[in-house]
Amino acid sequence: MLTDSSIEHYRGRFFNRGMVLPIIASALTLGISLHGAHDPTPRAHKLRHAVAAAAAATGLIGGGFHAYNVTKREGRLSWHDLFYGAPLGAPFALILAGTMALAAEHVRDARDRRISLFGQPAGPMLAALTAGGLAGTIAEAALLHFRGAFQDKFMYLPVTIPPIAAGLIAKAALEQTPRWPRLTRFWLRLTAALGFAGAGFHAYGVSRNMGGWRNWSQNLLAGPPIPAPPSFTALALAGLAALDLLGSSRHD
Amino acid sequence: MTERNRFPGYSTLAKHDTPSWNAQTRAVVDKRLNDPPPRRFFTEEEWSVLVAICARIILQPTQRDPNVPIAPFIDQKMAENRGDGFQQAGLPGMQQEWRRGLSAIDTEARLRFGAAFVDLPAGRQDDVLHMVQDGDVCAPAWADLPAQQFFKGRLLIDIVTMYYAHPQAWDEIGFGGPASPRGYVRMGFDRYDPWEAVEHA
Amino acid sequence: MPEIVPPAPRGKDGRAPDVLRPGGWVPMRQYRDNDEVDFAIVGTGAGGGTLAARLAEAGFSVVAFDAGPWFRPLEEFASDELEQTKLYWTDNRIVAGDNPIELGHNNSGKAVGGSTVHFAMVALRFRPEWFKARTKLGYGADWPVSWQEMWRYYDEVEDALKIAGPVRFPWGPPRRRYPYRPHEVNAAGLVLAHGAEKLGIKWCPTPLATVSAPRGLSPPCVYRGFCVIGCSTNAKQSALVVWIPRALAAGAEIRDLAMVGRIELGPNGLVAGVHYHREGEWRFQRAKNVVVAGYAIETPRLLLNSACPQFPDGLANSNGLVGKYFMVQSNDAVWGTMDEEIRWYKGPPSLALTEHWNYTDTGKDFFGGYAYMSQGPLPIEFARTLASGRGLWGQALRDAMSNYIHMAGLKICGEVLPREHNRVELADATDEYGLRTARVVFGYCDNDNRLRRHAVLFMRDALAAAGARDIWESESTAHLNGSCRMGEDPATSVVNADGRSWDIPNLWVCDGSLFPTVGGVNPSLTIQALACRTADRIKAMAARGELDRPAASPARTAARAVEWS
């Protein structure tokens, strides 16, 4: 997301000064996540917590800006503006990243097995966040692949595989104990793999544009965004973590 | 006439070896710049009148040296007889139009101001050209060549065409220049790509 | 200028250029001149190229001729206006009449792929009522085909070209979604949008024959803006890139740099083949049928130049209508300066349009309609517009051109009424082949001028509403139509609904000459749709053994039209 927002806001030439914020926010979130991953102390960290919350807040604000950008253009909310205006789904990803980071802080801090998140049991909460995140990412991919006329049959993959995973993890969120953990795990792993494959497909897409890689200064901006598909991987991983939490709470 | 450059530092030629130019474009523009065609069609006299007219129709910045050549390319078009694809009934073909037109303009200058067109000061040359443009002429040669039609449909068209085929003309108006394989990404109001001209208004 | 145009034909020795691959070739079936091929087609543009592909795919033997060269866009198209004049028909023609028209870059291509190699890719359907303009709207003439029939063929052509159009098209009856999504509207197009919204009319992204996503070997448009002087990206879905490859794959032969000079009439009153000039000599190709698809000047010119004792006034011209009812479309425009940077040189020239005045019949003091579109002329084209529209030179020209990146413009595609007086005829002058050149006589009528006036006033308001200042006007024309029109009555038309001439059953016409009326939209989509229909009709007639019989009488044609709709 750091890469994606950097590229896209560079494309927008930072016409609004605030466009630098999501880059800073996602960089910081990346930083604290790495820090948190390496920190052996099983406790939440005030600064990491603050950054995560700020990231989520930045995403919320960005969502407002993007919505304004899309609707202020001519013709109210038209297909054309959805296609070419600021992507509504992108700031949502930052909200998600911030929220996931917050979740990670909460989870690591738990002294006992009954971990909670935003007042709810952690497992179902994280599963619900994953399902929501997947839904948003699917919608974004669907919109942009629709814009690309599904000209390559593989473009149907992100609107067929992840929805199944999203459905399954949403179901798990609603159940006290997940009834289909193996099936859910399979589809999440498939979605995670799809994220990598998608990056590969997008790189191919950039290369088949006019001038290919030599014309990178146009094609990296115009072509299918290479950093976008890995969002599926990130979400799928969160879903797998949620499944673990759901599974462990089963033994309470 | 000095002029503030609206796009200082911008040069379409500077993109010669970037993805904005392809081999074909380089070949064509290089030839135009490095190998301007020799005078083959117009006589020396006609040529000097043409050069003088071009200098009034297209005012080139005084700080530019050398000037963008225009007359050689009109000469080449006439020499090769590469028409635009149509000829008005009752008018001679474009080769004759130019020959007669140049001669008529010179005659007009002599009749009105008592000197050859090339010997008149710039202001007087402009006066003659305005007369031709308005059809307010008295040289007998114009009987076979309607002055307004010649000015609007042949003289102006050919001269501006050859000038705006030159990279320096592209630079001064902020045109993006050649664009293949690399085109453009940013298409909105007040948006431009890093390889476009930046306006200093 | 460097001689880039290849002096030798490329479609020979059993192969043809594969223009989608640099330096590529595909095998091409070839016929001997002595082989009596099923169809000899003159011209390979929107009419001839499409027909060649569809007839070859239907199993007929086809040889298509084009006077122009076989360009390789990827390697040979430069980003240079002067160099790219090589795409146009610049052989001399005479223009006359009250409003002599300009020819060349605005309407006449000379290349395999015809004028679609340089066209602006605007892909619009006729308003359904226009097919019965006389009966339903009270002007012009009725077409001998129904809109329902044409709707099917519009579907086919839009899919064949993968037209990139808006998800919802604001006008006309329900239609299938465009195959590809619309391009991003540039600032120049957004100026049209703003103006339209302020004046309370609808607008939309222009449906364009250039891809907004990859298509086979065509990459998506890179918005370089040199569209009307040749697409070096190969995103533009011209006949060169769509129909010609299909024709080749189906076994047709395309002969480039082959100028057809005369159609030969046999002793039995049927045409026997075409005389063509290639590689320095005249040759004769035998054919069972000849289709003339040279667009609305060269088609009548060829028919007139093929005069013979049985048809002293030209082939298919017993009623004297070959060349008559010639139409163009008015291209009046308004231009203005914006405070914002527009940089209209980016992207196809017309990324936004409105067809409001094509579909509204009130508030008009004229018959017919017009669409108007945003503009993006390159430097030479704009300088010429300034010169001819405002007569600026010297400092005034410099000052005007210095605003180049702030300019915005709106231009109409305006309907012109069919009038017998407007015509294509033969001049006395001859060309390099010794063939008499064409003389095009055109004048606007009162209705045409009222339409132009209405359009200019409206567009001025629209441009001002969008924030432009220093607004001025220019005029020009585009497109060529009507000079061998189709109809149901042999007394008032040259060919029937199938493009088959009334006089000679194996002589056909398939291009813009067919149009009885011209409408207020660019003609290319309709020409291609007619060609697809003609191919289907020929297929059906051949199956019934009717290709060898004369064209049906109007009563039978009408009955068949009902059958088809």
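Quick note: the coordinates plus some simple rules give every number you see, no bench work behind them. Here the structure is a predicted model, which means the values were calculated and not measured. Note that we place each Cβ from the backbone using ideal geometry, even for glycine, and neighbour counts take in every protein chain shown.
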Legend entry - Per-q log10 I(q)/I(0), region B:44-91, q = 0.20 Å⁻¹ (Debye; single scatterer per alpha-carbon; no solvent): -0.82
Inset, instruction - Can you check what the net charge comes to around A:T29, using other residues whose Cβ is under 12 Å from the Cβ of A:T29 (Lys, Arg +1; Asp, Glu -1)? - result: 0
Inset, instruction - Once you have the Kirkwood Rh of region A:113-252 from its Cα pairs, apply Stokes-Einstein at 4 °C and 1.567 mPa s and quote D in µm²/s. - result: 82 µm²/s
Legend entry - Sorted largest first, extent of region C:116-212 alpha carbons per principal axis (Å): 41, 34, 28
Inset, instruction - Please report, to one decimal in angstroms, the Kirkwood hydrodynamic radius of region C:403-458 built from all distinct Cα-Cα pairs. - result: 14.7 Å
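Return the average number of partner chain Cβ atoms within 10 angstrom of each residue Cβ along peptide B:76-87. All intermediate terms of the calculation are to be shown ahead of the outcome.
Details: counts 1, 3, 0, 0, 2, 2, 4, 6, 8, 16, 15, 11.
Rounded to a whole number, the mean comes out at 6.
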Inset, instruction - Pull up all non-local amide H partners of C:S306: gap of 5 or more, or a different chain, and H-to-H distance under 5 Å with H placed in the peptide plane. - result: C:I263, C:L315
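Can you give me the orientation-averaged projected area of the convex hull built on the Cα atoms of the protein assembly as shown, in nm²?
Convex hull of Cα atoms, orientation-averaged projection: 44.6 nm².
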Inset, instruction - For chain C, restrict the atom set to alpha-carbon positions and state the Rg and Dmax in Å. - result: 22.3, 70
Inset, instruction - Report Rg (one decimal) and Dmax (nearest whole number) for chain B, counting Cα atoms only, units Å. - result: 19.3, 57
Legend entry - Two-decimal log10 I(q)/I(0) for region C:1-102, as the Debye equation yields it once each C-alpha is a single scatterer, q = 0.13 Å⁻¹: -0.64
Inset, instruction - List every DSSP H helix in chain C whose Cα atoms extend 27 Å or more along the helix's own long axis and whose mean Kyte-Doolittle hydropathy is at least -1.0. - result: C:446-465, C:524-543
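For chain B, what is the mean residue ellipticity at 222 nm derived from helices alone (per DSSP H run of n ≥ 4: -39500 (n - 2.57); sum divided by total residues; nearest 500 deg cm²/dmol)?
Details: 8 runs with 87 residues, N = 201.
Dividing the helical sum by the residues of chain B leaves -13000 deg cm²/dmol.
What is chain B's relative contact order, in percent, from Cα pairs under 8 angstrom and six or more apart in sequence? Mind dumping the intermediate values first?
Values: 210 pairs, mean separation 70.9, N = 201.
Dividing the mean separation by the residue count of chain B yields 35 percent.
Quick one: dipole size for region A:1-109, taken about the Cα centre, charges +1 on Lys/Arg Cβ and -1 on Asp/Glu Cβ, in debye to the nearest 20.
Numbers: 10 positive and 7 negative charges, 48 e Å.
Rounded to the nearest 20 debye, it is 220 debye.
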Legend entry - Length added when fully stretched, C:S146-C:A8, from 0.36 nm per residue minus Cα-Cα: 45.3 nm
Inset, instruction - Mind jotting down the distance between the C-alpha centroids of region C:178-201 and region B:5-74, whole Å? - result: 37 Å
Inset, instruction - Measure nothing fancy, just the Cα-based angle from helix A:230-249's long axis to the longest principal axis of chain A, in degrees from 0 to 90, nearest 10. - result: 10 degrees
Legend entry - Average other protein chain Cβ within 10 Å of Cβ, residues A:78-84: 6
Legend entry - Cα-based helix-to-principal-axis angle, B:122-134 vs chain B, degrees rounded to 10: 80 degrees
Inset, instruction - Using only Cα atoms, find the angle between the long axis of helix A:181-208 and the longest principal axis of chain A, and express it within 0 to 90 degrees, rounded to the nearest 10. - result: 20 degrees
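Of the beta bridges DSSP finds with both residues in the protein assembly as shown, what % are antiparallel, to the nearest 5?
Details: 56 of 78 bridges.
Of all bridge pairs located within the protein assembly as shown, approximately 70 percent are antiparallel.
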Legend entry - Footprinting exposure proxy for A:H45, A:H38, C:H105 (fewest neighbouring C-beta atoms within 10 Å first): A:H38, A:H45, C:H105
Legend entry - Local electrostatic count, C:C510, Cβ distance below 12 Å [Lys/Arg +1, Asp/Glu -1]: +2
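Would you mind ranking C:M327, C:M28, C:M407, A:M19 by Cβ crowding within 10 Å, fewest neighbours first? Can you show the working numbers first?
On the way: C:M327 29, C:M28 21, C:M407 26, A:M19 18.
Fewest to most other Cβ atoms nearby, the residues stand as A:M19, C:M28, C:M407, C:M327.
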Inset, instruction - Which order do the peptides C:339-351, B:92-104 take when ranked by the mean count of other beta-carbon atoms within 10 Å per residue, highest first? - result: C:339-351, B:92-104
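For chain C, what is the charge dipole size about the Cα centre, in debye to the nearest 20, if Lys and Arg each add +1 at the Cβ and Asp and Glu each add -1 at the Cβ?
Working: 62 positive and 63 negative charges, 229 e Å.
With Lys and Arg at +1 and Asp and Glu at -1, about 1100 debye.
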Legend entry - Percent of beta bridges antiparallel (DSSP, chain C, rounded to nearest 5): 75 percent
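Using Stokes-Einstein with the Kirkwood hydrodynamic radius over Cα pairs, what translational diffusion coefficient do you get for region A:1-109 at 20 °C and a viscosity of 1.002 mPa s, in µm²/s rounded to a whole number? Walk me through the intermediate numbers first.
Working: Rh = 14.6 Å.
So the translational diffusion coefficient is about 147 µm²/s.
Going by how many other Cβ atoms sit within 10 Å of their own, how do C:Y153, C:Y223 line up, fewest first?
Numbers: C:Y153 22, C:Y223 26.
By the 10 Å Cβ count, ascending, the order reads C:Y153, C:Y223.
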Legend entry - Sites C:T362 and C:D339, calculated FRET efficiency, Cβ-Cβ separation with R0 41 Å, nearest 0.05: 0.75
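In deg cm²/dmol, rounded to 500, what helix-only [θ] at 222 nm does chain C give when every DSSP H run of at least 4 residues adds -39500 (n - 2.57) and the total is split over its residues? List each step's numbers first, then the result.
Values: 12 runs with 134 residues, N = 565.
One gets -7000 deg cm²/dmol as the mean residue ellipticity at 222 nm.
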Inset, instruction - Please report, in Å, the Rg and the Dmax of chain A, where both are computed over Cα atoms only. - result: 18.7, 59
Legend entry - Spatial separation of Cα centroids for region B:100-171 and region C:277-323, in angstrom: 43 Å
Legend entry - Compactness relative to 2.2 N^0.38 Å, alpha carbon Rg of region A:192-251: 1.61
Legend entry - Relative contact order of region C:152-237, pairs being alpha-carbon contacts under 8 Å that are 6 or more residues apart, as %: 28 percent
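Hey, which of these cross-link pairs are over 26 Å Cα-Cα: B:K15/B:K77; B:K31/C:K12; A:K153/C:K236? Each step should come with its number before you reach the end.
Numbers: B:K15/B:K77 28 Å; B:K31/C:K12 31 Å; A:K153/C:K236 22 Å.
Long pairs (Cα-Cα over 26 Å): B:K15/B:K77; B:K31/C:K12.
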Legend entry - Dipole in debye (nearest 20) - region C:7-62, about Cα centre, beta carbon charges: Lys, Arg +1; Asp, Glu -1: 280 debye
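Using DSSP, restrict attention to beta bridges with both residues in region C:1-100 and report what percent are antiparallel, rounded to the nearest 5. Show your work: numbers first, answer last.
Details: 5 of 9 bridges.
Within region C:1-100, antiparallel bridges account for around 55 percent of the total.
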Inset, instruction - Please give the average number of partner chain Cβ atoms lying within 10 Å of the Cβ of each residue in C:172-185, rounded to a whole number. - result: 3
